[in-house]
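Below: one structure, written as structure tokens.
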Amino acid sequence: MLDALNKKAKVEQIPRAVHLAVRHGMQVIGTFMLGNPNETDEDIRKTQRLARSLPLHAVGFSLTTAFPGTALWDAAKARGRVPERLDWTLFDFDHVPVRVS
């Protein structure tokens, strides 16, 4: 999913980074996106296992939403997923104004 979303990090880097940060006294909050395009049930289970395996101080899960100016937005728009009239107040952590999958 990281590659599909054009993230620069690799899954293999995450545990090391989290453990290093915790070892140096930092509080680490994990934020995970679910509902990515082409994401399978097994992908979601892998994300859950990763989150549980890390020494996180807090964790948050959110549903993926597209934001203007991103490739995800362009893909959602091409699929007819972007409503003509958007309520911009819904672009926050609690809502999914543009579903991508």
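The values are calculated or read from the model by the stated rules, or taken from the named source; none is laboratory data. Source: prediction; values computed, not measured. Glycine also receives a Cβ, built like all others from the backbone with ideal geometry; neighbour counts cover every protein chain displayed. Accessible surface is based on the protein model in full, side chains and every heavy atom, while ligands, DNA and RNA are left aside. Shrake-Rupley method; radii C 1.70, N 1.55, O 1.52, S 1.80 Å.
A dipole drawn for the chain from +1 and -1 charges on Cβ atoms has a positive end, and of P68, V22, N36 the residue lying farthest that way is V22. The trypsin sites (Lys or Arg not before Pro) of the stretch 1-53 that meet both conditions, a loop assignment by DSSP and at most 15 other Cβ atoms within 10 Å of the site Cβ, are K7, K8, K10. Here the gap between R79 and A17, fully extended at 0.36 nm per residue and compared with their Cα-Cα distance, gives a gain of 18.7 nm.
When T89, T40 are compared by accessible area of protein heavy atoms, the largest-first order is T89, T40, using a 1.4 Å probe. Annotation note: GluC sites (Glu not before Pro) in the stretch 1-78 located in DSSP loop regions with a Cβ neighbour count of at most 13 within 10 Å are E12.
Between the entries (i) 48, 27, 22; (ii) 43, 24, 24; (iii) 34, 31, 25, the label attached to Cα extents along the principal axes in Å calculated for this structure is (i). Please determine, in degrees from 0 to 90 and to the nearest 10, the orientation of helix 41-53 with respect to the longest principal axis defined by the Cα atoms of the chain, where the helix direction is its Cα long axis. For helix 41-53, the angle is close to 40 degrees.
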